[in-house]
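All remarks here apply to the structure that follows.
The values are calculated or read from the model by the stated rules, or taken from the named source; none is laboratory data. Note that the coordinates shown come from a computational prediction; the quantities given were computed from them, not determined experimentally. Cβ placement follows ideal geometry from the backbone for every residue including glycine, while neighbour counts extend to all protein chains displayed. The protein model used for the area step is the full one, side chains on, heavy atoms only, and it has no ligands, DNA or RNA in it. Shrake-Rupley method; radii C 1.70, N 1.55, O 1.52, S 1.80 Å.
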Amino acid sequence: ASYLLYCFSFLIEQENVKKYALCVCIASLIHTSSLVLLFPLALLLLYRYNKIFAGVAFIGVFVFCFSLKDLLFQYIAVERYLSYMNSNESGKIGLLGYVESAPLIFAVIYIFKKRLKGFLYDVVVTFSSAAFLIRLLAYFITAFGRLSIHFMALYVLLIPIFITRIGHSGKKKLAKHLSLIYLLYLFIRLHLYFSTMIGPDELMPYTMFFSE
C-alpha cells in the first residue's frame, strides 16, 4: 500500500495511467489484492471516454460481484481470514462505513454540482466511486474490507489536494472550514479504527488510549 501511495504521483501529477497501472502490476507481485486498483483505473479511462458507459459499468460490477458473492467468498476464504470473516459477517452498514465514505461522497457531489472538469476531478470521481463500491461489497463479503487500504491515497493525497483546489478557486473561507472538518474526520476515523481493531484477530497486540 505504501508503494502504491508513492506511485500515485504518476497519476495525479503526470496523468500517466499506463505508468501507474505498471506500478499496480508490480505491487501485485507482493500482494495480489493490489490488482483491485485496476478497476478504478479502467473506470477512469471509461469515464473520460463516456460517463454513461462508466456508470453502467459501475453498476454492472456491483451486480456481478453481489450475484457471485458466495463464490467469491469461497475463493478468498483462506485460513488466515476465516476467523476474521466468520466473526464480522454482519451484513449491516455500521457507523464506520458512513464515516469512512463521507468525504468521498461530498467530493463527488461537489464536483457534479459545480460541473468541475479536469483529469484530477475525474480521478476523484472514479476512485471515490470504486472505494465506495468496495466498502459496500465488504458488508456482503467481509474480506473485501481489507481492500480499502489500497485506496489510502484518496484520503492522504486526493482529498487534501481537492480542498486546496477549492481554496485556489477563490473560496478560501470554504476551504479553511473544510480543512478543519477534515482534520476532525481523520481524528474520528483514527479513533474508530483503533477502538474496533485492537481486539479482532490480534491485529494490534498493544494497548492505546483509543480503546479505553
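Checking the stated criteria, residue 97 turns out to be open to solvent by less than 60 Å² (accessible area, probe 1.4 Å) and modelled with pLDDT of 60 or more. Just one of the listed residues (39, 10, 53) is among the hydrophobic types (A, V, I, L, M, F, W, C), touching a residue at least 24 places away in the same chain (Cβ under 8 Å) and touching a helix residue (DSSP H, G or I) at 6+ places or on another chain (Cβ under 8 Å), namely 39.
Restricting the search to helices (runs of 4 or more DSSP H) fully inside the range 104-197 and requiring at least 2 residues that are modelled with pLDDT of 90 or more and within 27 Å of residue 58 (Cα to Cα) gives 119-137, 159-168.
For first residues located in the range 111-124 and touching a residue at least 24 places away in the same chain (Cβ under 8 Å) and surrounded by 11 or more Cβ atoms within 10 Å (Cβ to Cβ), partners that are of a type in the set (Phe, Trp, Tyr) and assigned to a helix (DSSP H, G or I) and lie 6+ apart or on another chain with Cβ distances below 6 Å form the pairs 122/47; 124/162.
Scanning the range 1-34 for residues that are within 14 Å of residue 123 (Cα to Cα), of a type outside the set (S, T, N, Q) and in a loop (DSSP other than H, G, I, E, B) returns 13, 15.
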